[in-house]
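Asker: Could you have a look at this structure, given as structure tokens, before my questions?
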Amino acid sequence: MQRPVLGNEWLIDVRDLTKVYGDGPTAVHALRGVSLRVRAGEFVAIMGPSGSGKSTFMHVLGCLDRPTSGSYRLAGEEVSRLSPDQLALARNTRIGFVFQSFNLLSRTTALENVELPMLYAGVPREERLRRARALLDQMGLGERADHRPSELSGGQQQRVAIARALANGAPLLMADEPTGNLDSTSSADILALFRWLNRERRITIVLVTHDVTIAAWSDRVVTFRDGLIIGDRPVEEAVPASVRAGVPSMAAARGVRA
Amino acid sequence: MSLAVLLRVAWQALRRNATRSVLTMLGIIIGVGAVITSMAIGTGAQAAVLAQIESLGANLIVIVPGSITTGGVSLGSGTRTSLKLEDVTAIAREVPAVAGAAPYSQTNAQVVAGGANWYTSIGGTTPAWTTVRNWPVAEGRFFTEAEVRQSAKVAVLGSTVAQNLFPASESGAVGAMVIIKNVPFRVVGVLASKGQSGFGRDQDDVVVVPITTLQARLTGQTWVNSILVSAATPDAVPGVVDSTERLLRLRHHLTVRQPDDFSVRNIADVQQVRIATSQTQTLLLAGIAVVSLVVGGIGIMNIMLVSVTERTREIGLRMAVGARGRDILLQFLVEALTLASVGGLVGIAIGIATAQGASLVAHWPVIVSPLSVVLGFVSAALVGVVFGFYPARRAAALDPIVALRYE
Ligand SMILES: Nc1ncnc2c1ncn2[C@@H]1O[C@H](COP(=O)(O)OP(=O)(O)OP(=O)(O)O)[C@@H](O)[C@H]1O
Ligand SMILES: [Mg+2]
């Protein structure tokens, strides 16, 4: 059953989005007319075979790349009309992006990595440190603030990356295969964190995965094939009950985290 | 981003590749070092020449035997002997606007006083010399016209000679006896100290005796080595030069076709040549400085391009979390600037050390002016900005997603 959603505005409103790499006979049509709407507070999983255009779609949604044609409205604002500096501002304050390969600055501490987006937002030093520490505490990494990425486990590194994505209070989190490099225990940890952020902090999450057991944590599953959306169903329909049974309840998950 | 953060990020990036950073700075270090050293030597030499003109007197005219054409020396046989003592008196008597004229002949000899002895320059002249050279006596007196006429065996010591021959008692020099080439001289006075001439030559390292005594007892010459004439005013110098030339041609019975057997030189002209020489040297060093700064700049550009390529993913990530093009531009510009500025500071230190070393070892007159330090630093910083701009622009123009995917 569908969770009640706050507000009527679409946070993400995509119409007839296409993306073509290259031109002429070698052109690759990565997206061939994708339309999707996501409300604030949703937890969406995107699935589909390799090469179906999931990452391309995520990059457009994350304002990292521009579509070839079509419309993308983020909280009512047409993104394709934004200047490069305005796109940078959107990436800075409105969208948090989490990568499969973490993408932390390797010679910088966890704390400094979390500070990074705030540097570009011009947050004063005191406030920066306070917020970065608070976020790392929430991620259960209070003790590791001064560690470098090489001194952290994969799961811990991904949690630093999530803290960084949330540093400027973005209401939207985009994650492209965030658990692709993690073992199952760390994966469950990260997914419990996502669900907690979604349920308790009302953060909208769009997550790409190959793995149906991961999609089972979401509320809605969108399926891609050959640059088109071929399925968009609630998790209850998209994921078999036997798989969903493997997802721990909120209470149990919090027990694990505590 | 605040400047403090930018500087810290730049410093961290440079420290990460410390060896590479230092090697990159080398060009800038040498360039700025050369700027500082060349300016220190140039300013020093110029100041020394000016000081020398000052101490000789700008109104001074020097007459030497032989027709010395510009730069070259062409002495016909016998022309070395063309100037006579009578020429000196004739100039003083007949040329208008002359404040004084004195002969000056010179030889080197050992001067002995009791147990001490000192090898120095012995000058022979007349009392007019103190006026012409503007060089008073500090103790005792100068010798008189009468003593010149009598070829008296009297001597006036330069302060360096007095100090070295009579170190114990300062008043002991006047009235004492010194022996020069087996001839005993009575010391009648000690000259005031003039100090270094600016090129390491100690002007006070001299003994002055009557010209007649020098000729008769020490050198056996009947001619004089040079005549020093001082014009009454600086404006009178060209007129005095002309009149002197005409007078001497007349006295030496030269026909219209015969060239001068002497040459008259204005001391300001002579010094001008020395200034020009030191300026050539300065220019040469400045050329080296410019070339090394450009080479240093190219080195910085090269390393910054490598750095941008190496850190493409970092740039992509920074853009992904909100860095604008100009944030990235500034980051790499500050990095290049830091590299160049640190190189500039090290270059300034090395330049000052080199200049001081030259002054200590070769006794070159050097002056490290604040202007040269500022100029050195500014040119280093400028090189950093100019040569850092292209790599920084390349970094800023990267597409975030392309940069993130870069392997
Ligand atoms: N920069 C690019 N240049 C050319 N073609 C590209 C580029 N990026 C992606 N493609 C192509 O676009 C198509 C979609 O790629 P995309 O990365 O979006 O797939 P994906 O669904 O994320 O796959 P995976 O599950 O393997 O990550 C693929 O055919 C891919 O080869
Ligand atoms: Mg992908």
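Asker: Scan region A:37-50 and give yes if some residue there is within 20 Å of A:LYS19 (Cβ to Cβ), touching a residue at least 40 places away in the same chain (Cβ under 8 Å), of a type in the set (Val, Ile, Thr) and touching a helix residue (DSSP H, G or I) at 6+ places or on another chain (Cβ under 6 Å), otherwise no.
Answerer: Checked region A:37-50: at least one residue is within 20 Å of A:LYS19 (Cβ to Cβ), touching a residue at least 40 places away in the same chain (Cβ under 8 Å), of a type in the set (Val, Ile, Thr) and touching a helix residue (DSSP H, G or I) at 6+ places or on another chain (Cβ under 6 Å).
Asker: Give me the strands (runs of 3 or more DSSP E) completely within region A:25-101, filtered to those with at least 1 residues that are within 16 Å of ligand 1 (Cβ to nearest atom) and over 23 Å from A:SER187 (Cβ atoms), ordered by residue number.
Answerer: Details: elements: A:28-39, A:43-47, A:69-74, A:95-98.
Strands (runs of 3 or more DSSP E) meeting the threshold: A:28-39, A:69-74.
Asker: Still on this structure, I have one more. Could you tell me whether A:ALA216 is closer than 28 Å to A:ARG164 by Cβ, in contact (Cβ under 8 Å) with a residue 40 or more places away in the chain and either of a type outside the set (D, E, K, R) or away from ligand 2 (no atom under 16 Å from the Cβ) (or both)?
Answerer: It is false that A:ALA216 is closer than 28 Å to A:ARG164 by Cβ, in contact (Cβ under 8 Å) with a residue 40 or more places away in the chain and either of a type outside the set (D, E, K, R) or away from ligand 2 (no atom under 16 Å from the Cβ) (or both).
Asker: Scan (1) under 34 Å from the mean Cα position of the chain (by Cα); (2) not in a helix (DSSP H, G or I) for the single condition B:THR244 breaks and write down its number.
Answerer: Just one mismatch for B:THR244, condition (2).
Asker: Residue under question is A:ALA75, and the condition is that it be surrounded by fewer than 14 Cβ atoms within 10 Å (Cβ to Cβ) and away from chain B (no Cβ under 14 Å); does it hold?
Answerer: So A:ALA75 fails the test.
Asker: Quick check on my filter: what residues within region A:172-208 are of a type in the set (Asp, Glu) and more than 16 Å from ligand 2 (Cβ to nearest atom)?
Answerer: Residues satisfying the conditions are A:ASP183, A:ASP189, A:GLU200.
Asker: Pick from region A:95-115 the residues that are facing chain B (nearest Cβ under 10 Å) and touching a strand residue (DSSP E or B) at 6+ places or on another chain (Cβ under 9 Å): which of them is surrounded by the most Cβ atoms within 10 Å (Cβ to Cβ)?
Answerer: Checked region A:95-115; the qualifying residue surrounded by the most Cβ atoms within 10 Å (Cβ to Cβ) is A:GLY96.
Asker: Further question on the same structure: Taking the condition of being crowded, with 18+ Cβ neighbours inside 10 Å, assigned to a helix (DSSP H, G or I) and either outside the structural domain of B:VAL342 (by TED's automatic domain parsing) or among the hydrophobic types (A, V, I, L, M, F, W, C) (or both), how many residues in region B:386-407 meet it?
Answerer: 7
Asker: Would you tally the residues in region A:170-189 being in contact (Cβ under 8 Å) with a residue 60 or more places away in the chain, surrounded by fewer than 18 Cβ atoms within 10 Å (Cβ to Cβ) and more than 16 Å from ligand 1 (Cβ to nearest atom)?
Answerer: 1
Asker: Further question on the same structure: Hey, could you check region B:293-330 for residues that are surrounded by 23 or more Cβ atoms within 10 Å (Cβ to Cβ) and more than 21 Å from B:ARG16 (Cα to Cα) and say which is nearest to the other protein chains (Cβ to nearest Cβ)?
Answerer: For region B:293-330, the residue satisfying everything is B:GLY322.
The values are calculated or read from the model by the stated rules, or taken from the named source; none is laboratory data. Just so we're clear, the structure is a prediction, and the values are computed from it rather than from any experiment. Because the Cβ atoms are built from the backbone with ideal geometry, glycine has one as well, and the counts that use them run over all protein chains shown.
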